[in-house]
Amino acid sequence: MYPGDADLLRAVNLLAEQLPAPLQPLARLAYNYRWCWEPDASSVFEEVNPNRWRVVGQNPVAMLAGTLRSTLEWAATSPKLVERVRDLAGRVDADLTREPMMRSLQPEHPVAFFCSEFGVHSSLPLYSGGLGVLAGDILKEASDMGLPMVAVGLLYQYGYFHQRTDPSGYQQEYWIESDPKRLPVVAVSGSDGRPLRVTVPVHDLELQVQVWRADIGRVPLYLLDTNLAENPPMGRWVTARLYDGSRAIRLAQYALLGLGGVRALRAMGVEPSVYHLNEGHPALGAFEVERLIRAEGGSSDDVWDEVRQRFVFTTHTPVYAGNETYHRDEIMQMLGAVAQLAGGEERFLALGRSNPDDANEPSGLTPLAIRAARSVNAVSARHGGVARAMWQQMFPGRAVEDVPITHVTNGVHVATWMQRPMRELLDRHLGAGWLAHADDPLTWAGVEQIPDDEIWAARTALRHHMIDELRGRITFDRLRRADPIELALAAERALDGDLLTIGYARRIASYKRLHLIYGDPVRARAMMESEHPVQLLTAGKAHPMDDGAKRIVQAMFQIATPRPSSYRRLGGRGAFIEDYDMALASLLVSGCDVWINIPRPPQEASGTSGMKVAYNGGLNLSVLDGWWCEAYDGRNGWAIDGDVDPDEASQDARHAGSLFELLEQQVIPTFNERDERGIPTRWVQMVKHSLMTIGPRFSATRMVREYETRIYPQEPLSPRS
Ligand SMILES: *Cc1c(COP(=O)(O)O)cnc(C)c1O
């Protein structure tokens, strides 16, 4: 049904040939990430070859292709495993072949979803953080809903960096090369049977581009790649790293994604009904669509109107300076040829400015995306207001509230983020098929009736699982840094699956203010040492060029890692865990009891990790910014005021005070107040209330339905004057 079907089938068959007959369904499973949101799938692959599964980072193609024939044959002698394989494959096949519900969009004209990063699973390292994970969740949900969608991104040979800290806690970066032949991706062939090629002009090159396909359920994700022998080294580097450190290379990446993406879809015969730009990076695609419309005879004055009919844009960056801009010379050096295709240098640069007439203003992709799209949306209600004020200058004469930017609040893919004990609990109590109605409050009403001890048992199981997994990992982190042996051993001794566990993990940028909790180390340590001690788990990557953020990582590291004089007493009840990625996120958002988020308002566009926590029965303690403004109702978590205060130092001090007060006076006592069965009943009430109020409103089901009904449908073209 989509380009690359034959290539996928060939790859599946090649892999299946290497497997004993009873395990052959695994080859089909391996080449479609649909498995990763079946709760038991990972353990099925793991059972084939546990060690290899871990070493290859849960990449099923690499695991199967790298397992000895004798090991595979041994695995195939287990009737239990063979039955699990058959059962899993049956469920996935049934999902992929079921008749989708009737939709307003026709399958022949899918939504084309463009993004510079996609976080689908930790084994496909094409994401850095929230933007990519959200994009991955959208694809999965589109698959579940049967919404016709294709996605376009880049295949980065080295992905995003990995993080390691030196003994002082200062961040070091390293990159791991991935081999596309060992990823669940296939090269798409053209009609001549040879790998499809498109070209994109960059600098003085005609970049040769290859197209790969990864399947995310029913949604094909097409990934562009310039690492080809035909390209000179600079050209090959364009798809080396996500958000490359060189501004020039980033410009080349944006041309590749936007222009190259539209060209690739066209070369494959895909005719989208709408192009969804997720963040501004792919906006240059608008110029290519314009060129196509012109080539098909569009007349010159209303062509841009037609372009606008085909694009929608989601903005994620609520800070003006976060929307990268470039000077004329930088742009023309890399994108001179693109500018010529786009109607010449002056027009090209003008469309990227908030004020097109101000020749001194640098150009960026966000203003271009806003101009190219018939619908622009922010990602939470509060972010909508921030975005309208921020871009008002592009709409002279309009009041802030009339700036045409709406919002679709983010949501998370529940089947991906809700971990097993909670999923099984809700499967038992909410009835079969409840997930398909995750956006209906009635679906969640049944949570009220779940016995407290069952909720508590699921929470306890999730916390224990996380601590068990992290003990080893933290010990190894410490041994690798050659930390004192007693400190290394402390992780094993002192981390405790029954203690109140507070988590705190995300991309480290100064506006996220992760330093607040460390601003008062005496108070933080007192909490870890008290009669009812808490554990503090933190993680997050700083941008490689952001020294300030790296110093925050270091500060987090130093408090979370007790100094030699105190680790005996503290027992090491805090840890900074290196290399935050989706796998670590899964553990932390499911195992932590409380999730802290203290961005400087109003700079959090939405935030999604707190939603993942809520779906696992964890509670949020957050500044009232982004999604939490919409979610918090006074009883489903804790809140710190979200006022904007120009005096940052005093706001920081106030917020740090509120944070500690809430922890000391509410969170810790509520968690430790137990009934005769040892159950913290008030806490469990809050968990239930959190599930019932957040459950229906922050799922990807609600989010994608909003895109489907409010954003994608095209208004009939107004009659031209
Ligand atoms: C969900 C997620 C994020 C986004 O977290 P925020 O709360 O939006 O900052 C970032 N990284 C990973 C790995 C995630 O899974």
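A few remarks follow.
- The residues listed here are THR416, THR406; of these, the one that is among the polar types (S, T, N, Q), surrounded by fewer than 22 Cβ atoms within 10 Å (Cβ to Cβ) and either modelled with pLDDT of 95 or more or closer than 23 Å to TRP627 by Cα (or both) is THR406.
- Residue in the range 514-536 that is within 21 Å of PRO601 (Cα to Cα) and within 14 Å of the ligand (Cβ to nearest atom) present: yes
- Residue count for the range 43-68 under the criterion of being part of a helix (DSSP H, G or I) and buried (at least 17 other Cβ atoms within 10 Å of the Cβ): the result is 11.
- Residue count for the range 321-351, restricted to those that are in contact (Cβ under 8 Å) with a residue 40 or more places away in the chain and in contact with a Ser or Thr (Cβ under 9 Å, 6 or more places away or on another chain): 5.
- Among all residues of the range 280-291, there is at least one that is of a type outside the set (A, V, I, L, M, F, W, C), closer than 22 Å to ALA240 by Cβ and part of a helix (DSSP H, G or I).
- Filtered by the rule that a residue be at pLDDT below 90, acidic (Asp, Glu) and part of a helix (DSSP H, G or I), the range 468-517 gives GLU486, GLU492.
- Residues (more than 10 Å from the chain's Cα centre (by Cα) and either surrounded by 23 or more Cβ atoms within 10 Å (Cβ to Cβ) or away from the ligand (no atom under 16 Å from the Cβ) (or both)) located in the range 105-122: LEU105, GLN106, PRO107, GLU108, HIS109, PRO110, VAL111, ALA112, PHE113, PHE114, CYS115, SER116
- Pairs linking a residue in the range 148-175 that is without any contact (Cβ under 8 Å) to a residue 40 or more places away in the chain to a residue that is part of a loop (DSSP other than H, G, I, E, B) and not polar (S, T, N, Q), with Cβ atoms under 9 Å and 6 or more positions apart or on different chains, are GLN172/ASP166; TYR174/PHE161.
- Qualifying residues in the range 426-454 (those that are part of a loop (DSSP other than H, G, I, E, B) and in contact (Cβ under 8 Å) with a residue 60 or more places away in the chain) - the one surrounded by the fewest Cβ atoms within 10 Å (Cβ to Cβ): ASP440
- One residue stands out in the range 305-349 among those that are assigned to a strand (DSSP E or B) and under 26 Å from ARG294 (Cβ atoms): the one that is farthest from the chain's Cα centre (by Cα), namely TYR326.
- Hey, GLU648 modelled with pLDDT under 95 and away from the ligand (no atom under 16 Å from the Cβ) or not: yes
- Taking the listed residues ARG573, ARG600, ARG568, the one that is within 30 Å of VAL55 (Cα to Cα), more than 8 Å from the ligand (Cβ to nearest atom) and modelled with pLDDT under 95 is ARG573, with no other qualifying.
- MET422 falls short on exactly one of the conditions (1) more than 17 Å from PRO39 (Cβ to Cβ); (2) at pLDDT 95 or above, and that condition is (1).
- Reported count of residues in the range 622-645, each being closer than 21 Å to PHE660 by Cα, outside any helix (DSSP H, G or I) and within 13 Å of the ligand (Cβ to nearest atom), is 3.
- Within the range 396-425, the set of residues being within 16 Å of the ligand (Cβ to nearest atom), part of a loop (DSSP other than H, G, I, E, B) and out of contact with any strand residue (DSSP E or B) (no Cβ under 6 Å at 6 or more places or on another chain) comprises THR409, ASN410, HIS413, MET418, GLN419.
- Across the range 69-104, the qualifying residues are those that are touching a residue at least 40 places away in the same chain (Cβ under 8 Å), of a type in the set (Lys, Arg) and outside any loop (DSSP other than H, G, I, E, B), and the one among them that is surrounded by the fewest Cβ atoms within 10 Å (Cβ to Cβ) is ARG69.
- For first residues located in the range 638-660 and among the polar types (S, T, N, Q), partners that are outside any helix (DSSP H, G or I) and lie 6+ apart or on another chain with Cβ distances below 7 Å form the pairs GLN651/ASP645; SER658/ILE640.
- Residue in the range 217-232 that is more than 29 Å from the chain's Cα centre (by Cα), closer than 24 Å to GLU330 by Cβ and at pLDDT 95 or above present: yes
- In this structure, GLU141 does not satisfy being within 23 Å of GLY66 (Cα to Cα) and acidic (Asp, Glu).
- Count of residues meeting criterion [assigned to a loop (DSSP other than H, G, I, E, B) and more than 20 Å from the chain's Cα centre (by Cα)] in the range 241-279: 8
Residues checked against (1) part of a loop (DSSP other than H, G, I, E, B); (2) closer than 24 Å to TRP444 by Cβ; (3) within 13 Å of the ligand (Cβ to nearest atom); (4) over 21 Å from the mean Cα position of the chain (by Cα):
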{"site": "VAL589", "(1), (2), (3), (4)": "no, yes, yes, no"}
{"site": "ARG654", "(1), (2), (3), (4)": "no, no, no, yes"}
{"site": "PRO669", "(1), (2), (3), (4)": "no, no, no, yes"}
{"site": "ARG677", "(1), (2), (3), (4)": "yes, no, no, yes"}
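The values are calculated or read from the model by the stated rules, or taken from the named source; none is laboratory data. Worth saying up front: this structure is predicted, and the values here are computed from it rather than measured. Neighbour counts are summed over all protein chains in view; Cβ atoms, including those assigned to glycine, are modelled from backbone coordinates with ideal geometry.
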